[in-house]
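Trainee: Let me give you the structure first, and then I'll get to my questions.
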There are 2 protein chains.
Amino acid sequence: MYTLSEENYLKAIYRLAQQTSFKITPTAIAETLGNNPASVVDMIRKLTEKQLITYDKKKGVELSAQGLKDAVLIVRRHRLWEVFLLEKLGYHWDEIHDIAEELEHISDATLADRLDKFLGFPEYDPHGDPIPKANGKVPKPYSVTLTDLKAGDTCRVAAVRDTSSSFLQYLQKLSIGIGTEIQLLEKIPFDNSLVISISGRESTTVSQKFGENILVD
Amino acid sequence: MYTLSEENYLKAIYRLAQQTSFKITPTAIAETLGNNPASVVDMIRKLTEKQLITYDKKKGVELSAQGLKDAVLIVRRHRLWEVFLLEKLGYHWDEIHDIAEELEHISDATLADRLDKFLGFPEYDPHGDPIPKANGKVPKPYSVTLTDLKAGDTCRVAAVRDTSSSFLQYLQKLSIGIGTEIQLLEKIPFDNSLVISISGRESTTVSQKFGENILVD
DNA sequence: TAAAATAATTAGTCAAGACTAATTTTATAA
DNA sequence: TTATAAAATTAGTCTTGACTAATTATTTTA
């Protein structure tokens, strides 16, 4: 299909498009991938030539129909492999992301669909992200974060935005997983820290950054 | 661990060492990988620097202890993934090799062992090749080929040497699989063709090349 | 609006890993 | 044993996808 690099750019652009409503700039892509903006400009040229994206100073980078289709497939594969690693091979929450980053590039045409069937057509991956369907349809992802709540509100954790093992290990330590009930007790105006109660237990304080990475139902 | 290329060279050298008793030359490696001998010489230098192989005009290329260990792990991963693809995802015999060529490079440290356990510690892959154990021990592969038999001998197919889909599809057409009974009726001296009876049915003639790629029990 | 800061781009470089063409070494055959 | 063929090696090139440094555009901010 494409090179590893091309696939990673497509995926990064797709993720940015999902997460933010701002236009997608070379700098934003560079930050996402940990690359130099100059390298990104090169790849933008390449992907534009292959008609996988369009780039316009005003509108930023956008996926073409084909680019979107390809990006969705990569995300589908990633999330299916995560389910496999967790459910079938017994990995933990915080271990699966990096392995799925490799597995998502396996290119066989029928692999994703076979895996999907083998796993029983799961709707969400272990981080709560929706798994794109075989037809390319993507269930609407959760979008309300803990920081969007008002003091006093109670919710359940539906998904996590950051899937790094450092974040997931922190969640583990706090006994937070998908489905955990959280009540927002207070927002500290100074730095937007959040005082929360996890599963009805005594209160804990977490940062704004933490709250922005917890998606709730 | 290593680059894709390095891993493929290690695997190719390992396979050659298993298959032939001749010394392993740059040309032989080049043929195996479909590369130019000049490229092979470059990589021999690189792998020698990394102490994964030794190279001596007299002895040819040999894997070091470390190189052997790494090569065996790659082969272990390849064969385990083949079992997974066939048994769990329902792929056919002739489809799994190429996908496993990609999957074998997934580098997580515990993946092979988890997969092994998940699959129930299989001894052989779908082509009859022995799956190296977690401790690096490799069960002795089958080594007697159809061409080694005498006219009149009967045997069972234990493994196939060539795992290309063209060969496997040919076997499919002849209704030959692992375990199939074959009797060698006659060897044609002119070109070493073999007249065989498959599962006791009427005779078929196959080439010497064919016979060399069927390992029997 | 002009100055300063930030972002985007260009130009040139580098490493990996392939290639071709040319040369040297080794093996085979007359 | 010399001539020829085959194999190995060297030298130089190419592509991919990164980089840095320098330059040009575009935003912010004073």
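Trainee: Is it fair to say A:GLU102 is within 16 Å of DNA strand D (Cβ to nearest atom), out of contact with any helix residue (DSSP H, G or I) (no Cβ under 7 Å at 6 or more places or on another chain) and closer than 22 Å to B:HIS105 by Cα?
Mentor: Spelling it out, A:GLU102 is indeed within 16 Å of DNA strand D (Cβ to nearest atom), out of contact with any helix residue (DSSP H, G or I) (no Cβ under 7 Å at 6 or more places or on another chain) and closer than 22 Å to B:HIS105 by Cα.
Trainee: Also, I was wondering about something else. Can you pull out the residues in the stretch B:42-59 that are within 10 Å of DNA strand C (Cβ to nearest atom) and of a type outside the set (D, E, K, R)?
Mentor: B:MET43, B:LEU47
Trainee: Take B:ARG45 and decide whether it is out of contact with any helix residue (DSSP H, G or I) (no Cβ under 8 Å at 6 or more places or on another chain), at pLDDT 95 or above and either of a type outside the set (Val, Ile, Thr) or assigned to a helix (DSSP H, G or I) (or both).
Mentor: Yes; evaluated as a whole, the condition is true for this residue.
Trainee: In this structure, is B:THR54 away from chain A (no Cβ under 14 Å), of a type outside the set (Gly, Ala, Ser), over 19 Å from the mean Cα position of the chain (by Cα) and outside any helix (DSSP H, G or I)? Outline the logic, then answer.
Mentor: Working: away from chain A (no Cβ under 14 Å): yes; of a type outside the set (Gly, Ala, Ser): yes; over 19 Å from the mean Cα position of the chain (by Cα): yes; outside any helix (DSSP H, G or I): yes.
Yes; evaluated as a whole, the condition is true for this residue.
Trainee: Of the residues A:SER39, A:SER5, A:SER21, which single one is away from DNA strand C (no atom under 13 Å from the Cβ) and either in a loop (DSSP other than H, G, I, E, B) or more than 25 Å from A:PRO141 (Cα to Cα) (or both)?
Mentor: Just one listed residue meets the conditions, A:SER21.
Trainee: Here's something else I'd like to know. With away from DNA strand D (no atom under 14 Å from the Cβ), basic (Lys, Arg) and either in contact (Cβ under 8 Å) with a residue 12 or more places away in the chain or at positive phi (or both) as the only criterion, which of A:LYS11, A:LYS23, A:LYS59, A:LYS69 stands out?
Mentor: The unique qualifying residue is A:LYS69.
Trainee: Here is a further query. Can you work out which of the residues in the stretch B:24-36 that are within 9 Å of DNA strand C (Cβ to nearest atom) and not small (Gly, Ala, Ser) is farthest from B:ARG161 (Cα to Cα)? Write out each step before concluding.
Mentor: Initial filter on the stretch B:24-36 (within 9 Å of DNA strand C (Cβ to nearest atom)): B:30, B:33-36.
Then keep just the ones that are not small (Gly, Ala, Ser); that gives B:33, B:35-36.
Values: B:LEU33: 16, B:ASN35: 21, B:ASN36: 24 Å.
Here the answer is B:ASN36.
Trainee: Next up: Being among the charged types (D, E, K, R), in contact (Cβ under 8 Å) with a residue 12 or more places away in the chain, surrounded by fewer than 19 Cβ atoms within 10 Å (Cβ to Cβ) and more than 10 Å from every other protein chain (Cβ to nearest Cβ) narrows it down to one residue among A:GLU104, A:GLU82, A:GLU87; which is it?
Mentor: A:GLU87
Trainee: In this structure, does A:PRO132 turn out to be touching a Pro at 6+ places or on another chain (Cβ under 6 Å) and more than 10 Å from chain B (Cβ to nearest Cβ)? Lay out the reasoning, then the answer.
Mentor: Values: touching a Pro at 6+ places or on another chain (Cβ under 6 Å): no; more than 10 Å from chain B (Cβ to nearest Cβ): yes.
Spelling it out, it is not the case that A:PRO132 is touching a Pro at 6+ places or on another chain (Cβ under 6 Å) and more than 10 Å from chain B (Cβ to nearest Cβ).
Trainee: Please work out which one of (1) surrounded by 13 or more Cβ atoms within 10 Å (Cβ to Cβ); (2) more than 14 Å from every other protein chain (Cβ to nearest Cβ); (3) farther than 28 Å from B:LEU194 by Cβ is the condition B:PRO126 fails and give its number.
Mentor: (3)
Trainee: If I ask for residues that are among the aliphatic types (A, V, I, L, M), out of contact with any helix residue (DSSP H, G or I) (no Cβ under 8 Å at 6 or more places or on another chain) and farther than 23 Å from B:TYR124 by Cα, which ones from the stretch B:174-205 would you list? Can you show your working first?
Mentor: So the first thing to find is which residues in the stretch B:174-205 are among the aliphatic types (A, V, I, L, M), and the list is B:174, B:176, B:178, B:182, B:184-185, B:188, B:194-196, B:198.
Those still in the list that are out of contact with any helix residue (DSSP H, G or I) (no Cβ under 8 Å at 6 or more places or on another chain) too: B:174, B:176, B:178, B:185, B:188, B:195, B:198.
Of everything in the stretch B:174-205, those that are among the aliphatic types (A, V, I, L, M), out of contact with any helix residue (DSSP H, G or I) (no Cβ under 8 Å at 6 or more places or on another chain) and farther than 23 Å from B:TYR124 by Cα turn out to be B:LEU185, B:ILE188, B:VAL195.
Trainee: Now for a different question. Looking at A:ILE99, A:ILE182, which one is within 14 Å of chain B (Cβ to nearest Cβ) and buried (at least 20 other Cβ atoms within 10 Å of the Cβ)?
Mentor: Unique residue meeting the criteria: A:ILE99.
Trainee: Considering only helices (runs of 4 or more DSSP H) fully contained in the stretch B:110-217, which possess at least 1 residues that are within 20 Å of B:ARG79 (Cβ to Cβ)?
Mentor: Counting at least 1 such residues, we get B:111-118, B:165-173.
Trainee: Restricting to the stretch A:60-69, and then to whatever is within 17 Å of A:SER5 (Cβ to Cβ) and either of a type outside the set (Gly, Ala, Ser) or not in a helix (DSSP H, G or I) (or both), can you tell me which residue is nearest to DNA strand C (Cβ to nearest atom)? Outline the logic, then answer.
Mentor: The initial filter retains those residues of the stretch A:60-69 that are within 17 Å of A:SER5 (Cβ to Cβ), namely A:61, A:63, A:67.
Those left that are additionally either of a type outside the set (Gly, Ala, Ser) or not in a helix (DSSP H, G or I) (or both): A:61, A:63.
Working: A:VAL61: 9, A:LEU63: 17 Å.
Going through the qualifying residues, I end up with A:VAL61.
The values are calculated or read from the model by the stated rules, or taken from the named source; none is laboratory data. Bear in mind that the values here come from a model prediction, so they are computed numbers and not experimental data. In this analysis, Cβ positions are derived from the backbone assuming ideal geometry, glycine residues included, and neighbour counts consider all displayed protein chains.
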